[in-house]
Amino acid sequence: MILDNASLEKRHLRTLELDKVLSMLAGRTTLSDSAELALQLMPVTDISAAERLLMETDNAYTLIARFGAPSFGFAKNIKGSVARADAGAILTMRELLDIGETLRVIRSVYEWRKHCEGVAAKHLDDMFNGLIPNKYLEEKIFFCIKSEEEIDDNASPKLADLRRKIRSATLNVRERLEKMIKSTDHQKHLQDSIVTQRDGRFVVPVKIEYRSEIPGLVHDTSSSGATLFVEPMAVVEVNNELRVLKVKEKNEIERILAELSSEVASFASNIIVSYDCIVQLNLIFAKALLGFDMRASKPSLNNDGKIFLKNARHPLLDKKTVVPITVGLGDEYDTLIITGPNTGGKTVTIKTIGLLTLMTMCGMMIPVDDGSNICVFDNILADIGDEQSIEQSLSTFSAHMTNLVSILDLADSRSLVLVDELCAGTDPVEGAALATAILMRLREKGAIVAATTHYAELKSYALETAGVCNASCEFDVATLRPTYRLIIGLPGRSNAFAISERLGLNKEIVTLGQSLVSSDSSRFEHVVGVLEKARSEAEQELKKAAMLRAEQEQAHRSQSDRLQSISKEREKIIEKARSDAMNIVDKARAESNKLLYELEEIKKSSKENILASLQMAKSLQKSGIDSLQNIADPVIKKEKQQYILPRDLKIGDNVEIIDIEKKAVVLQLADKSGQVLVQAGIIKTRVPLANIRLLDVKDIAKINRPKTRNVSSNIDRAVRSATSEINMRGMNCDEAIMELDRYIDNSLIAGIGIITIIHGKGTGVLRKAVHEYLRHHQSVKSYRLGVYGEGESGVTIVELQ
């Protein structure tokens, strides 16, 4: 349902400057038809229709925020051309190119939406689904037509053959004529040594006095009459052939255009429907782009006559300097009386209320903060500005009164009425009384009203009447500048005396004027001044309290974040301690089992060796207890034994890294800092010379030979600690390889045939190191990456020999 002229004249829309906003909207469209629709937009009065329009804009806003706006290119209104093709007409090359471009835009927008499928836009999907791409016809048009004046040679085999023959015939004619004009026999007969065309036939310019020297057909003469353009008889036949070929070419082009037009006709309905959808989508996305430019948001809608605008900005004012206002109507009060000095922002306030309501009813987002609320009215009636008319013999007051009469006739409970300077321009006493009566009548009709005034009587009316509220536009008397802030609940002052005095009016005149004001008016202005001062002081205190609260909240957040960080660190320390404790318990248990095993061995000894066995038992007991104490101590201290190399190291020597008891091979002798490059397994590292012990063949055998006394305890420990998987995520490559080497040994002892190595996906560095190690390990039969359900590329499955 659209507001018609009977309920809302376009004059009211122009008064609120909706037409300027619609021009801004049209400027953000790319299609001429979409721009025309934008300029013709009218507010809707049905709340469901308004909600649908708003949701369309909101969906487009969301898509633009995620993926940017789609390109609508240079699509043109091709509905007339398509209709002509459907009626059997042959379209021009320009019309076909326009259709091809429109088809390209349709396909582009359709594919853009497919790219955005992850984001819901259910209120736009019907229009996107109405787009029917036709890549076949699009490509065929652009393949056949180069420009609006040229068909491509390859548009058909026949056309390609004809143009090849035309080029050949043209070359033949030119060669003959070029030979003629370069001949010494004919040069004196020619006006110029050139070959030109007349009526599509090749000719040469012959001097009129030598006409008989060059037999042929005359096709034209120069303006002076001194030159004849003659087609020599030698090329008449070839020219005739060329003329026939060009006629055939024209016929073939006509046939190709007719074929393309027929193709367009076969898809006519789809093309027209798709074009209509493109036009609507272009308009909707233009609304969303305008919303981005205005930093707008989507208000909620109601049918209860309630308006709440939070930090609203007039869309036609500079967004860098405009002062936001927060205003409500229709909830606690249905009438708002705005007072204050001139140029203080009263008129802008009521225009903002009316214009943002109209924009919402047109489906546009509005420049307000989230939480704003707009009622969908049947009528929005405005009387704003000076409408004095000399032609109609109307004064300013008469013009305003004429508007108010029509507003009173149209106003009802579904109306928003906005009046600037209500009943101004006449006797103040009569004007105030009349203004009060008009407000009372509008309230009786149930209308929502916002009016500006300077009348003190209306301020009193607002103070004394339930449902009517005062508001004022703040003015800084010290600087004689308005702040443009709207203060709800407080009547404003005109500040005429203060402003006049600041501007240089004699103080005696100002004082005399103040004395002439009635005592009631003086008392009222004094009370308003006291209230305004109290409000300003309270506002300052409120700002200070807000700042203190913000600082306190920030300190609380910082403290909370710190406590949370400490708690997480504490959990990590506890978890590490728990893990270390479990390791200590496992090692202590293993040592205990070892002691028990040794005692069992002593029991089996012969009586002859009983004393030696007892002595050994004491020694074992002492060393075992010491070992348990060392294991239970979380601080590991390893005493370095004094060792001197029996000879200088050589490259290839087998050595032992003392502090980690690991075999290695010398790759490079000690450098200036005493660091030796060795290789332990697949790891190359530098160690201090003092941390290396030279091994001979016996030492290597001794290290490689398992100790028989500890076989059972080692096997027992390996069986207990071996599982079918190892998690190496978080380790660096060196740590992971050492851990993996120990894990494979335990798995072999425990008899596990297939193991899972969890190394994670990440950058793949750890996975490469693991695979390199497995490739050279003698006990690995095969390995592969995991499949779906096993961990995929984050795990490696290994089969042991």
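The values are calculated or read from the model by the stated rules, or taken from the named source; none is laboratory data. Owing to the predicted nature of the structure, the values given are computational and were not obtained by experimental measurement. For neighbour counting, all protein chains shown are included, and Cβ atoms are generated from backbone atoms with ideal geometry for every residue, glycine included. Side chains are part of the model used for accessible areas, which takes the heavy atoms of the whole protein and leaves out ligands, DNA and RNA. Shrake-Rupley method; radii C 1.70, N 1.55, O 1.52, S 1.80 Å.
Rolling a 1.4 Å probe over the protein heavy atoms leaves Glu739 with an accessible area of roughly 70 Å². Nonpolar atom fraction for segment 141-251, defined as the carbon and sulfur part of the 1.4 Å probe accessible area, stands at 48 percent.
Sorting Leu505, Leu439, Leu486 on solvent-accessible area from highest to lowest, probe radius 1.4 Å, gives Leu505, Leu486, Leu439.
Roughly what % of Cα-Cα distances in segment 398-453 sit above 19 Å, to the whole percent? Of all Cα-Cα pairs in segment 398-453, 19 percent lie more than 19 Å apart.
All other residues with a Cβ under 14 Å from the Cβ of Arg211 taken together, and with Lys, Arg as +1 and Asp, Glu as -1, what is their net charge? With Lys, Arg at +1 and Asp, Glu at -1, the neighbours total -2.
Using θ = phi - 60° in the Karplus curve 6.51 cos²θ - 1.76 cosθ + 1.60, the 3J(HN,Hα) couplings for segment 540-557 round to 5, 5, 5, 5, 4, 4, 5, 5, 4, 5, 5, 5, 5, 5, 5, 4, 5, 5 Hz; x is entered for Gly and Pro. The modelled label-to-label distance for the pair Glu430/Glu772, using points 7 Å beyond Cα in the direction of Cβ, is 10.3 nm.
Tell me the accessible surface of Asp304 in square angstrom (1.4 angstrom probe, heavy atoms of protein chains only), to the nearest ten. Approximately 110 Å² for this residue.
The value obtained for segment 154-254, namely the Cα convex hull volume divided by the number of residues, is 94 Å³ per residue.
Here the gap between Ile584 and Trp112, fully extended at 0.36 nm per residue and compared with their Cα-Cα distance, gives a gain of 163.7 nm.
With every protein chain in place and a 1.4 angstrom probe, the accessible-area ranking of Thr360, Thr326, largest first, reads Thr326, Thr360.
If I stretch the segment between Lys576 and Asn251 completely, what's the gain in nm (0.36 nm per residue apart, minus their alpha carbon distance), one decimal? Can you show the working numbers first?
Values: separation 325, 0.36 × 325 = 117.00 nm, distance 8.99 nm.
Length difference between fully extended and current span is 108.0 nm.
Summing +1 for each Lys or Arg and -1 for each Asp or Glu among the other residues whose beta-carbon sits under 14 angstrom from that of Gly764 gives +2.
Each label point is 7 Å from the Cα along the Cα-to-Cβ direction; what then is the distance between the points at Ala89 and Thr170, in nm? Label-label distance for Ala89 and Thr170, simple model: 3.1 nm. The length gained by stretching the chain between Ser793 and Arg562 to full extension, at 0.36 nm per residue less their Cα-Cα distance, is 79.4 nm.
Here segment 1-111 has 53 percent of its accessible surface on carbon and sulfur atoms, given a 1.4 Å probe and all protein chains in place.
Spin-label pair Lys507-Asp185: with each label point 7 Å from Cα along the Cα-Cβ axis, the two points sit 11.9 nm from one another.
May I ask which of Lys114/Lys768; Lys20/Lys459; Lys310/Lys544 have a Cα-Cα span longer than 27 Å here?
Too far apart for the 27 Å limit: Lys114/Lys768; Lys20/Lys459.
Within the shell of other residues whose beta carbon sits under 15 angstrom from the beta carbon of Arg176, the net charge comes to -2, with Lys and Arg scored +1 and Asp and Glu -1.
Computed with every protein chain present, the accessible area of Ile256 is close to 10 Å² [probe 1.4 Å].
In terms of accessible area, using a 1.4 Å probe and ignoring ligands and nucleic acids, Leu748, Leu245 rank largest first as Leu748, Leu245.
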